[in-house]
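See structure below.
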Amino acid sequence: MSKVLIIGAGGVSRVVVHKCAQRPDIFSSITLASRTLSRCDAIAAEIKNIKVATAQIDADDVPQLVALLKQEKPQLVINVALPYQDLTIMDACLETGVDYLDTANYEPLDTARFEYSWQWAYQERFKKKGIMALLGSGFDPGMTNVYTALAAKNYLDEIEELDIIDANAGNHGLPFATNFNPEINIREITAACRHWEDGAFVETPALSTKRSFNFPEGIGPMNIYRLYHEEMESLVKHFPSIKKAQFWMTFSDNYLKHLEVLQNVGMTRIDEVEFEGQKIVPIQFLKALLPDPATLGPLTKGKTCIGVIARGKKDGRRKQVYIYNICDHEACYAETNSQAISYTTGVPAVTGAIMMLNKAWHAPGVWNMEQFDPEPFMAEVGPMGLPHVVIEGEWPSL
Ligand code: NDP
């Protein structure tokens, strides 16, 4: 029985709160804190079986966070605010001796560059304090790391190639919207692509490599585009046998058309510009105009399919294994008032929290998901709402 503090009250947070509340055997007490108290209260009001306490917090401010942690005394902080807050929340956890979990790696506000270096730098301090940080416990990163660990443990002697493939085959019917925080989403997609090849990351222009991939279970062929994604950094470190690692995501032609125009006119810029005597950051202004991803829940129909294809040898034979999850937007909304992108992130966050609290995964220091035994996590995450499918076969290169 544990007390948890959830920080952030957006789309992912809503799923995290619902899912924690479904497991009062583990989460005996829940506090939800974020920048806008009314958003915390709105989520808390959806939970009927237990009372969710709420608080206002600026998670950029370490002394405020420390005061809240001292007052609440949680066993664990689940950080589902934005990547910009990762380090301040980790600092506050260090000061108060509280375990930490997040779903996205730190990114400085002024550079669109995802990197674990900043968070890995906390390793010795977390160890010395005897507390744990679990990094990237969402779907990608998160489930994709666990799927890779599962492929390495049960299906291949060692992994030589890895393709992580993320399809959102859902449709919200709006001309243009992002399905998670628009600022984070657009920064990720418009950044230069990097993939791992023969011991180094190779840079190519954003969205310049495209394939068609035939998705399972009736989704069918969709265009996938290669982009950089943060889990590749930890996966190639922890599975050094990997010679090539790529991350792919589906985008509709309509989405890419809008993005291209927005980029061409400067609306995706992350630096400050002067506008009528005041400084604004165009991408933040754009975020204010775009639909709030949390409002897409009732509109979105269709499925997501996210998974990994790992290739290597098993008993001397070349083989590949495809491990994926299919999630239905409308089913997610019926259960948690959120679409599948938030759901597929929130469920692994809560599963990671369960792993930490029941000590199936617990050790002082800063950890990525693939560093732990995947099996206890997989045993929990299916019943929590994200079952997986495994397809083994020959090795055809993508
Ligand atoms: P939202 O924008 O919907 O929610 C973010 C929340 O954080 C908002 O409630 C916001 O407050 C709050 N917040 C922002 N700044 C602060 C601050 N300084 N102090 C306190 N609260 C703050 O984002 P999502 O729910 O879509 O995403 C949440 C996280 O999940 C992000 O880090 C995202 O990158 C990650 N993610 C990970 C995925 C994965 O698979 N690993 C996939 C999708 C998302 P306010 O309400 O006031 O704006």
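Counting only helices (runs of 4 or more DSSP H) wholly contained in segment 122-208, the ones carrying 3 or more residues that are within 14 Å of Phe247 (Cβ to Cβ) occupy 143-150.
Put simply, of Thr148, Thr88, Thr111, Thr144 the only residue that is of a type in the set (S, T, N, Q) and closer than 25 Å to Ser2 by Cα is Thr88.
For segment 109-125, does any single residue satisfy the condition of being in the same structural domain as Glu260 (by TED's automatic domain parsing), among the acidic types (Asp, Glu) and within 16 Å of the ligand (Cβ to nearest atom)?
Going through segment 109-125, the residues in the same structural domain as Glu260 (by TED's automatic domain parsing) turn out to be none.
The answer is no, given that none of the residues of segment 109-125 is in the same structural domain as Glu260 (by TED's automatic domain parsing), among the acidic types (Asp, Glu) and within 16 Å of the ligand (Cβ to nearest atom).
Within this structure, Asp91 fails the test of being closer than 15 Å to Ser34 by Cβ, among the acidic types (Asp, Glu) and at pLDDT 95 or above. The set of residues in segment 341-356 being among the aliphatic types (A, V, I, L, M) and modelled with pLDDT of 95 or more consists of Val347, Ala349, Val350, Ala353, Ile354, Met355, Met356.
In the set (1) within 26 Å of Tyr106 (Cα to Cα); (2) away from the ligand (no atom under 16 Å from the Cβ); (3) touching a residue at least 12 places away in the same chain (Cβ under 8 Å); (4) of a type outside the set (D, E, K, R), Phe180 fails one condition alone, (2). Only one of the numbered conditions (1) farther than 18 Å from Gly346 by Cβ; (2) more than 14 Å from the ligand (Cβ to nearest atom); (3) assigned to a strand (DSSP E or B) is violated by Cys93, and that is (3). Kindly indicate the residue of segment 328-353 that is among the hydrophobic types (A, V, I, L, M, F, W, C) and buried (at least 24 other Cβ atoms within 10 Å of the Cβ) and also nearest to Phe126 (Cα to Cα) among those meeting that condition. Going through the qualifying residues, I end up with Ala353.
Condition first: touching a residue at least 60 places away in the same chain (Cβ under 8 Å), among the β-branched types (Val, Ile, Thr) and over 29 Å from Thr111 (Cα atoms). Can you find one or more residues in segment 159-168 that meet it? Even if it seems obvious, please write down each step before you answer.
If we filter segment 159-168 for residues that are touching a residue at least 60 places away in the same chain (Cβ under 8 Å), which is where we start, we get 159-168.
If we keep only those that are among the β-branched types (Val, Ile, Thr) too, we end up with 159, 164-165.
From the residues that got through so far, the ones that are over 29 Å from Thr111 (Cα atoms) too are 159.
Yes, segment 159-168 contains a residue that is touching a residue at least 60 places away in the same chain (Cβ under 8 Å), among the β-branched types (Val, Ile, Thr) and over 29 Å from Thr111 (Cα atoms).
Need the failing condition index for Tyr324 against (1) within 19 Å of the chain's Cα centre (by Cα); (2) farther than 30 Å from Glu158 by Cβ, just the number. Answer for Tyr324: the failing condition is (2). Residue check: Ile306 meets all listed conditions (1) farther than 19 Å from Ile78 by Cα; (2) touching a helix residue (DSSP H, G or I) at 6+ places or on another chain (Cβ under 8 Å); (3) surrounded by fewer than 23 Cβ atoms within 10 Å (Cβ to Cβ) but one, namely (3). Residues in segment 132-177 that are β-branched (Val, Ile, Thr) and either within 16 Å of the ligand (Cβ to nearest atom) or closer than 26 Å to Ile78 by Cα (or both): Thr144, Val146, Thr148, Ile164, Ile165.
Going through segment 108-121 one residue at a time, which ones are assigned to a helix (DSSP H, G or I) and touching a residue at least 24 places away in the same chain (Cβ under 8 Å)? Full working, then the answer.
Quick first cut of segment 108-121, residues assigned to a helix (DSSP H, G or I) only: 117-120.
Within segment 108-121, Trp118, Gln119, Trp120 meet the criteria.
Taken as a whole, the condition of being closer than 30 Å to Phe213 by Cβ and surrounded by fewer than 16 Cβ atoms within 10 Å (Cβ to Cβ) applies to Lys257. For segment 60-83, the set of residues classified as touching a residue at least 24 places away in the same chain (Cβ under 8 Å), away from the ligand (no atom under 15 Å from the Cβ) and over 22 Å from Pro348 (Cβ atoms) consists of Lys70, Lys73, listed by residue number. Note on segment 1-59: among residues that are more than 10 Å from the ligand (Cβ to nearest atom) and acidic (Asp, Glu), the one that is nearest to Ser137 (Cα to Cα) is Asp25. Considering only residues that are in a loop (DSSP other than H, G, I, E, B) and among the polar types (S, T, N, Q), look in segment 338-381 and name the one that is farthest from the ligand (Cβ to nearest atom). The residue in question is Asn358. Test Thr190 against the criterion of being under 30 Å from Pro108 (Cβ atoms), surrounded by fewer than 21 Cβ atoms within 10 Å (Cβ to Cβ), touching a residue at least 40 places away in the same chain (Cβ under 8 Å) and among the hydroxyl-bearing types (Ser, Thr, Tyr), and give yes or no. Yes, satisfied.
In segment 205-223, the residues that are under 27 Å from Pro387 (Cα atoms) reach residues that are assigned to a loop (DSSP other than H, G, I, E, B) with C-beta atoms within less than 6 angstrom, at least six apart or across chains, in these pairs: Ile219/Ala169.
The values are calculated or read from the model by the stated rules, or taken from the named source; none is laboratory data. Predicted model only: the values in this text are computed from it and were never measured. Every residue, glycine as well, gets a Cβ built from its backbone with ideal geometry; the counts of neighbours run over all protein chains shown.
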